[in-house]
């Protein structure tokens, strides 16, 4: 019901916005007619929300008046040339002719972009007074901040993220799932660890990394597509191992 | 007394040249209010003297009027009196294609009464230039001040175009150029 009452105003706002965001002629908006419409409707508005929509419509109309002013100024200037003619001409001209026309009307700015002795002194003072990066981080983030690093299984147990039993159970479950899904074939790594919850995805990736390190699963990557495939191994893998870093940030 | 005045004037003219030629901040040029601070209330007179002094070097002092049209908001800068040749422009590291994109964009915006939707400009330019060049060049010219892009992604000619490009000459030259002969 309220929508219907405000429909006229919303239409005015929409019309103004469409003219503002295109190169349409701002004189297509009949300002007088719209102002009269706002004037006639004004006594009907009682709620704050209605008055706000009314003032928004008024604001949009003022923007159109501003555009009309600019449009007239431009048209009155010597730069006004029939748009179709100039567009056709630009389309037909070769790039070289356009470049030549530009260069002939171009007066590049002359400037020196260099540091002055005063600037050098300022830079020196800034550098001298700049506290070490660790100190600055301390001010911003406190003293707990540590850089990204490696956390091993023992630490996770100590932190209480896993208990030893949970971890072993998790590994067995994940290996069973992997065997079931692969059935001797290769499957997509990201698909396997996929989960709506980030925590679960990270947990699955961590456990899977453990299975691979233990030689209970293996992975391969396709350099062209960048895809990574995994499969379960029936017997523990032997031979040389290598470390692979996989980003799981955009796993879904 | 007269020699003292002359020395003071010379000093102010030197100062005017220094502040105009050395870039301060992101954009070249010095605003009217800054000039007043550096040179005093009679800064326009000093700049007239400077303009005479530098004309022999092929330079001129150019004023770009600010949005509100006041003296304080005007931007003063030094620019070449004469236009460079195409080969000179090329040696400064600017590609012909880039200049052609800018010329076509300025002409298109002017033909649309000084404002055109970026999408519209891109569509127009893509008839002549590859998509990647159009997007790259428009972004670059917005960044360098040749074009202005507002929050409704409408493009206008920027302050640098007003400072460096004689838009009337550009439009006339484009209109007067003969079109390319059709390929046989």
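Please treat every number below as a calculation from the coordinates, not as lab data. Predicted model only: the values in this text are computed from it and were never measured. Positions of Cβ are backbone-derived with ideal geometry, glycine not excepted, and every protein chain shown enters the neighbour counts.
Counting beta carbons within 10 Å around each of A:231, A:163 and listing the fewest first gives the order A:163, A:231. Treating each Cα of region A:2-76 as an identical point scatterer and summing with the Debye formula, the log10 of I(q)/I(0) at q = 0.12, 0.26 Å⁻¹ comes to -0.34, -1.20. The alpha-carbon atoms of region B:2-80, seen along their principal axes, cover 40, 27, 20 angstrom, with the largest extent given first. Separation of region A:205-248 and region A:1-53, taken as the distance between their Cα centroids, equals 63 angstrom.
Rg and Dmax over the alpha-carbon atoms of region B:34-119 stand at 17.3, 46 Å. Size descriptors for chain A: radius of gyration and Dmax over Cα atoms are 34.2, 87 Å.
The long axis of helix A:83-92 is offset from the longest Cα principal axis of chain A by roughly 50 degrees. The mean number of Cβ atoms from other chains found within 10 Å of a Cβ in peptide B:114-121 is 4, as a whole number. Scaling the Cα radius of gyration of region B:86-176 by the globular reference 2.2 N^0.38 Å produces a ratio of 1.02. Does the protein assembly as shown come out rounded, prolate or oblate by the C-alpha gyration tensor, with a ≥ b ≥ c the root eigenvalues, rounded set by a/c under 1.5 and, if not, prolate when a/b is larger than b/c and oblate if not? Note, shape of the protein assembly as shown comes out prolate.
Normalised by the number of residues in region A:153-232, the average gap of Cα pairs under 8 Å and 6 or more apart makes the relative contact order 33 percent. Over chain B, the pair-distance histogram of Cα-Cα distances with 5 Å bins from zero comes to 1, 7, 13, 17, 17, 14, 11, 8, 5, 3, 2, 1, 1, 0, 0, 0 percent, rounded to whole numbers. Peptide B:56-63 has a mean of 1 when you count, residue by residue, the C-beta atoms of other protein chains within 10 Å of its C-beta. Note on A:81-88: average number of Cβ atoms from other chains within 10 Å of each residue's Cβ is 5. Compared with the dominant principal axis of the Cα atoms in chain A, helix A:2-20 is inclined by about 80°. Specify the angular offset, from 0 to 90 degrees and rounded to the nearest 10, of the alpha carbon long axis of helix B:96-111 from the longest principal axis of the alpha carbons in chain B. Tilt of helix B:96-111: around 90 degrees. Take each peptide in B:110-122, A:44-56, A:9-21, count the other Cβ atoms within 10 Å of every residue, and average; sorted highest first, the result is B:110-122, A:9-21, A:44-56. For region A:153-232, the ratio of Cα radius of gyration to the globular rule of thumb 2.2 N^0.38 Å stands at 1.13.
Given R0 = 25 Å, the distance between the Cβ atoms of residue B:92 and residue A:115 translates into a calculated FRET efficiency of 0.70. With the cut-off at 1.5 for a/c, could you classify region A:1-126 from its C-alpha gyration tensor as rounded, prolate or oblate? Because a/c hits 1.5 or more and a/b fails to exceed b/c, region A:1-126 counts as oblate. Placing a label point 7 Å from the Cα of residue B:68 along the Cα-to-Cβ direction, the residues of region B:7-41 whose backbone N falls under 15 Å of that point are B:31-34.
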